[in-house]
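The values are calculated or read from the model by the stated rules, or taken from the named source; none is laboratory data. Just so you know, these numbers come straight off a predicted model, no measurement behind them. Quick reminder, even Gly has a Cβ in these numbers, built from the backbone with ideal geometry, and neighbours come from all protein chains shown.
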């Protein structure tokens, strides 16, 4: 019988973090279980920094709030943590044992990890070190393996769709090509779904390397039919045939995290289309707007379902699993299955041959739907 649990939110913020936290806390309270929250994700685990969470205080009135009431940490790999020495030199050290000691001394029977593939990779690694862990899939990119949808994704689609609605009116008024760059490093779910819901003419996603000439033909074809504007959605991880991702810079956050910061593909596509079509083109980069703000009703319900299910699994002793939606229903899979071939403790997560990111299959119904209604996918 578990008596005391803790929650950590890790990775980029999404709408729905607080709804999950609230659901875990409320379910725990109904069972007489104490609930706490680590501050700033795995960084809080390392610093032994946590606070009590109750529906009489911190976890009250938060279902509609964006962000995370316990913060979140990005690029924090405690298995290869950046340490700055007094003399200014930098080393990378495995501090995971300190985290395990902190958890055990605090008396937590289970840790809930709210995050994407990198967060769940570390969760799996901690499970091998003896911690009881239950993961909950978070990311606006919708790229966590094993689940049909992650919390936060629907809100991001809603924001991108609203942006496309607004860009449509400007493009139509001024006869321009309107390019919208959305998030989606290695998976094009946001770009593809928002293109369909927002009535875009072109959607460029990482899974389908594009030929810019195909896009040009699409835009010129529209112009020949009297359509003097076009709307193009570009995922940040889209890239041309025989070309690599457009990289803004490379960070030094050590081994085990994705140090590549993408950026600039929207500008590249926008400039090329203006030059090759002779039409004015304008770029909007949606950026962090997709992450922030209140969750949609769908994400509030999904997050609540995930949080309640996670707590139920903990009470049943079904640790070291990830809560998922499978065939439209709540389910769970092992964290070992989530990480796939990425078995090395502390190993890199992200777009590697070992990682297990859920990308858009080329035969997916969304791809077929997009093609059926005439959306150009760049091929």
Checklist entry - Out of region 141-177, which residues are in contact with a strand residue (DSSP E or B) (Cβ under 7 Å, 6 or more places away or on another chain), part of a helix (DSSP H, G or I) and within 30 Å of residue 338 (Cα to Cα)? => result 160
Next on the checklist: Among the numbered criteria (1) over 22 Å from residue 358 (Cα atoms); (2) in contact with a helix residue (DSSP H, G or I) (Cβ under 7 Å, 6 or more places away or on another chain); (3) not in a helix (DSSP H, G or I), which one does residue 238 miss?
Outcome noted: (1)
Checklist entry - Hey, residue 307 hits all of (1) modelled with pLDDT under 95; (2) part of a helix (DSSP H, G or I); (3) buried (at least 18 other Cβ atoms within 10 Å of the Cβ) but one; which does it fall short on? => result (1)
Item to check | Output for region 61-81, where each listed residue is within 22 Å of residue 26 (Cβ to Cβ) and touching a residue at least 12 places away in the same chain (Cβ under 8 Å) | outcome: 62, 63, 64, 65, 66, 67, 68, 69, 70, 71, 72
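Per-residue answers, yes or no, for (1) surrounded by fewer than 24 Cβ atoms within 10 Å (Cβ to Cβ); (2) free of Cβ contacts under 8 Å to residues at least 60 places away in the same chain; (3) not assigned by TED's automatic domain parsing to the domain that holds residue 192:
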position: 104; (1), (2), (3): yes, yes, yes
position: 112; (1), (2), (3): no, no, yes
position: 116; (1), (2), (3): no, no, yes
position: 140; (1), (2), (3): no, no, yes
position: 145; (1), (2), (3): yes, no, yes
position: 163; (1), (2), (3): yes, no, no
Checklist entry - Counting only residues that are within 25 Å of the chain's Cα centre (by Cα) and closer than 14 Å to residue 5 by Cα, how many does region 50-61 have? => result 2
Checklist outcome for this item: Reported set for region 362-378 where residues are touching a residue at least 24 places away in the same chain (Cβ under 8 Å) and either surrounded by 14 or more Cβ atoms within 10 Å (Cβ to Cβ) or more than 17 Å from residue 231 (Cα to Cα) (or both) is 362, 366, 367, 369, 370, 375, 376, 377, 378
Item to check | Selected residue [within 30 Å of residue 219 (Cβ to Cβ), out of contact with any helix residue (DSSP H, G or I) (no Cβ under 9 Å at 6 or more places or on another chain) and either assigned to a helix (DSSP H, G or I) or not assigned by TED's automatic domain parsing to the domain that holds residue 124 (or both)] from 368, 353 | outcome: 368
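Assess whether residue 333 counts as being in a strand (DSSP E or B) and buried (at least 18 other Cβ atoms within 10 Å of the Cβ).
Working: in a strand (DSSP E or B): yes; buried (at least 18 other Cβ atoms within 10 Å of the Cβ): no.
No.
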Checklist entry - Any idea which of (1) buried (at least 19 other Cβ atoms within 10 Å of the Cβ); (2) on the phi > 0 side of the Ramachandran plot is the one residue 300 doesn't satisfy? => result (2)
Checklist entry - Is there a residue being touching a strand residue (DSSP E or B) at 6+ places or on another chain (Cβ under 8 Å), assigned to a loop (DSSP other than H, G, I, E, B) and surrounded by 24 or more Cβ atoms within 10 Å (Cβ to Cβ) anywhere in region 212-226? => result no
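How about region 1-72: which strands (runs of 3 or more DSSP E) wholly inside it have at least 2 residues that are in contact with a strand residue (DSSP E or B) (Cβ under 8 Å, 6 or more places away or on another chain), within 16 Å of residue 136 (Cβ to Cβ) and at pLDDT 95 or above? Explain how you work it out, then say what you get.
Details: elements: 4-9, 34-38, 50-52.
Correct list: 4-9, 34-38.
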